[in-house]
1. For residue 118 and residue 482 in the same chain, what is the full-extension length gain: residue separation times 0.36 nm, less their Cα-Cα distance, in nm?
2. With every protein chain kept in the model, how would you rank 439, 223 by accessible area, 1.4 Å probe, largest at the top?
3. In what sequence, largest accessible area first, do 485, 285 appear using a 1.4 Å probe?
4. Could you pull out every residue, at least 5 positions away or on a different chain, whose amide H is within less than 5 Å of the one on residue 376? Hs are placed 1.01 Å off N in the peptide plane, and Pro or chain starts have none.
5. What residues have an amide H closer than 5 Å to that of residue 386, excluding those fewer than 5 places away on the same chain, when H is modeled at 1.01 Å from N in the peptide plane?
6. Using 7 Å Cα-to-Cβ label points, what is the residue 125/residue 394 separation (nm, one decimal)?
7. Provide the per-residue ³J(HN,Hα) series for the range 398-407, in order, calculated from phi with Karplus coefficients 6.51, -1.76, 1.60 and θ = phi - 60°, each as a whole number of Hz, with x at glycine and proline positions.
8. Under the classification rounded if a/c is under 1.5, otherwise prolate if a/b is larger than b/c and oblate if not, where does the range 120-202 fall, given a ≥ b ≥ c as square roots of the Cα gyration tensor eigenvalues?
Amino acid sequence: MIQKILIANRGEIAVRVIRSCREMGISTVAVYSDADRTSLHVRYADEAYYIGPSPSNESYLVMEKILDVARKSGADAIHPGYGFLSENAEFADRIAKEGKIFIGPPSHAIHTMGDKITARHQMITAGVPVVPGTKEKIEHPDQVQKIGAEIGFPMMVKASAGGGGKGMRLVRDPEALEDAVKAAQSEAKAAFGDDSVYIEKYIDGPHHIEFQILADQHGNVIHLCERECSVQRRHQKVVEETPSPLMNEKLRNEMGQHAVAAARAVDYVGAGTIEFLVDNDLNYYFLEMNTRLQVEHPITEMVTGVDLVKEQILIASGQPLSYQQDDISQNGHAIECRIYAEDPENNFMPSPGIIQKLFEPQGPGVRNDGYVYTGFEIPLYYDPMISKLVTWGKNRDEAIGRMKRALKEYFIAGVKTSIQFLYRIMETPDFYEGHYDTHFIANNEDFLFKPCANNTDEDTKDVHMDSASEVMIEDMALICTLLEYQEDRKTKNGQNGQNGQNGSKPKSPWKDFGRKISASRL
Ligand code: MV4
């Protein structure tokens with residue numbers, strides 16, 4: 001059995017993994033860089049080791065440093081989280097050579113799925129639908145006109161070593177094709193050291209729908225239904241939900257079975273995600289497989305009741321899956337909003353800095369996976385995600401209502417955040433009516449980015465006070481109220497009603513003038 005796990009990651013996902021370890025009675029080892037000395041994952045873990053300077057290529061990405069901590073701490077297993085070394089086949093191999101367990105898939109699965117042309121091959125063999133396109137890499141530019149004629153325009157040129165939108169270009173007409181292929185090849189060579197590119201038919205306005213799968217070491221593979229991830233900006237997911245508003249039971253079963261077949265085709269073990277593009281006629285196509293736990297895994301946990309991290313750990317220790325396919329069903333609806341330290345009004349510029357004040361949403365149906373606290377400085381070296389706010393409801397309406405309530409409750413001062421932008425998404429008709437695809441943000445720019453001042457909807461005004469100074473004013477008002485309350489008790493000795501409610505002195509204006517106070521009223 002696994003007794004001690006090293007978490008080769010930082011931030012909210014490191015905290016998330018530690019939580020499941022603790023519930024299982026497994027001790028935890030954190031690693032941290034200079035910028036993360038005071039990070040919550042370091043405080044939560046049983047042990048923590050320093051691994052170097054803040055840039056990730058000098059710390060979280062250095063295999064030897066991670067392995068060294070694994071040796072020193074006596075960890076039996078390493079959980080990679082997402083990003084960093086999580087989809088690095090060499091890392092998985094080196095952990096195995098140390099006689100330790102990689103909590104992730106076998107390296108051959110990472111390797112096969114990491115090469116998109118090979119992955120497409122495997123899927124075709126397994127009978128999983130792929131986007132119509134080339135089966136082999138493009139060898140000569142003079143091939144492409146023939147291919148172009150076969151597939152039809154527009155089409156996508158993609159790098160085999162790419163993925164997640166990297167090394168991808170859209171080609172609208174035959175004249176542009178040859179140049180696009182050449183450019184894509186040299187770009188891929190520079191970025192990935194591999195100039196293999198392939199061509200796919202362009203699917204216009206697709207949905208991004210992915211299936212969560214779990215596979216154990218005994219040949220059992222199940223899927224845990226879908227996540228709708230079409231609300232994206234520059235290939236970054238912004239909001240995810242499950243079930244998908246587009247989905248029906250028949251399609252879910254069919255796609256789920258194809259997701260299981262995709263995992264089986266590469267002898268997958270562990271938690272993984274099969275990404276599909278779905279067009280408006282509900283045709284679906286395998287896009288790629290993510291061979292790791294994903295950022296958006298909590299929405300699946302909320303509706304299925306499965307702790308995916310626990311399952312990963314059980315699978316890695318050789319246990320059979322705790323669930324069979326028939327045990328899995330979706331209860332209610334879950335939505336995730338990614339809360340970022342960035343400025344939506346300034347082209348989503350990262351806004352690192354010190355958290356001056358923080359109130360995180362709580363209450364019914366709310367889960368907030370984060371790692372920051374008042375006084376913590378969000379480092380500029382890593383992805384500036386602050387937390388993942390997830391709400392659950394018995395149906396989609398309740399989940400959206402709770403998300404709006406939770407976003408209003410969420411209060412962060414010191415850094416700019418995407419909270420108001422996310423609130424605006426929740427009340428965009430295309431979103432709340434459930435009619436959206438990957439063009440959602442582009443199609444709704446006017447609504448999403450219209451300035452607050454022109455907004456007549458009371459609800460979206462002043463969702464938050466963003467500045468630290470306004471928070472200080474609020475604090476001062478609170479202190480005044482407290483002093484006044486204590487003074488009142490002293491003079492009246494509690495005789496004249498509770499809390500001095502009926503006193504003759506004028507009260508502090510705290511909260512008496514509505515929601516917003518200003519310095520002039522103090
Ligand atoms: C496509 C596509 C249309 N047709 N492939 C973007 C990320 C990468 N995983 C693949 N992507 C796309 N591939 C074909 N043949 C459209 C996209 C795409 C997209 C996909 C999922 C979510 C958001 C997207 C935004 C723009 C383009």
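The values are calculated or read from the model by the stated rules, or taken from the named source; none is laboratory data. Since we're looking at a predicted model, the values are computed, not measured. Methodologically, a virtual Cβ is constructed for each residue, glycine included, from the backbone with ideal geometry; neighbour enumeration extends over all protein chains shown. Each accessible area value is taken on the protein alone, full model and side chains, heavy atoms only, with ligands, DNA and RNA left out. Shrake-Rupley method; radii C 1.70, N 1.55, O 1.52, S 1.80 Å.
1. Working it through step by step, the gained length comes to 124.3 nm.
2. Solvent-accessible surface, decreasing: 439, 223.
3. So the residues, ranked largest to smallest area, are 485, 285.
4. Long-range HN contacts for residue 376: 355.
5. Sorted by chain and number, the residues that satisfy this are 339, 340, 341.
6. 4.9
7. 5, 5, 5, x, 5, 5, 5, 4, 5, 5
8. Oblate.
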